[in-house]
Amino acid sequence: MPTLTLSAIEAAVRASWGPDTTFASTEYMARGSGQPSRGQCGTTALVLQGLLGGDLMVADVEHEGRVAGVHYWNVTAGGIEVDLTRDQFTDTEKLVDVRRVTTQRNHGGAGEQPFLRLRERVTAALQPDAVTRWSSGSAVHIAG
């Protein structure tokens, strides 16, 4: 089983983000924080889930008193929350109604192509053994 560090995974993910890996509304992106992580949460959470296993968490993003989107992040089987995109929010946005996602990914949804692009880039940035293990559907061992 390949061994990766969380910092290596984080570096690979952050280096792989681009405008073509976001999945967010035009309005949400326009209101942006200027952070590269803006609009990357859904695709990033799915990529991390493929590598680490565990579940997804979701919360509504509230802006000026109304729900203006959703935010995704990960929770490992051991209960550790991992959120590489938490820095994307503006001062006027807050997370409300946090919940664990129990449904399966929509393989035909509009977010599929951005997810596949990000997964491909992250896979290329990681060890070849990790790519083999990931594509077989098994989680990768993470060094402590």
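The values are calculated or read from the model by the stated rules, or taken from the named source; none is laboratory data. In this text, all values refer to a predicted model and were calculated from it rather than measured experimentally. Here Cβ is always computed from backbone atoms with ideal geometry, including for glycine, and neighbour counts include all displayed protein chains. For the accessible areas, the whole protein counts, side chains as well, though only heavy atoms, and no ligand, DNA or RNA atoms are used. Shrake-Rupley method; radii C 1.70, N 1.55, O 1.52, S 1.80 Å.
Go through segment 80-112 and give me each residue that's open to solvent by 40 Å² or more (accessible area, probe 1.4 Å), assigned to a loop (DSSP other than H, G, I, E, B) and more than 17 Å from THR43 (Cα to Cα). Once the filter is applied, which keeps residues that are open to solvent by 40 Å² or more (accessible area, probe 1.4 Å), assigned to a loop (DSSP other than H, G, I, E, B) and more than 17 Å from THR43 (Cα to Cα), segment 80-112 yields ILE80, ASP91, THR92. ALA8 meets the conditions (1) open to solvent by less than 20 Å² (accessible area, probe 1.4 Å); (2) modelled with pLDDT under 95 in every case but one. The failed one is (1). Pick out the one residue from ALA77, ALA68, ALA24 that is touching a helix residue (DSSP H, G or I) at 6+ places or on another chain (Cβ under 9 Å), free of Cβ contacts under 8 Å to residues at least 60 places away in the same chain, open to solvent by less than 70 Å² (accessible area, probe 1.4 Å) and in a loop (DSSP other than H, G, I, E, B). From the options ALA77, ALA68, ALA24, the qualifying one is ALA24. From the list ARG121, ARG38, the one residue that fits, being in a helix (DSSP H, G or I) and either closer than 21 Å to ALA8 by Cα or open to solvent by less than 50 Å² (accessible area, probe 1.4 Å) (or both), is ARG121.
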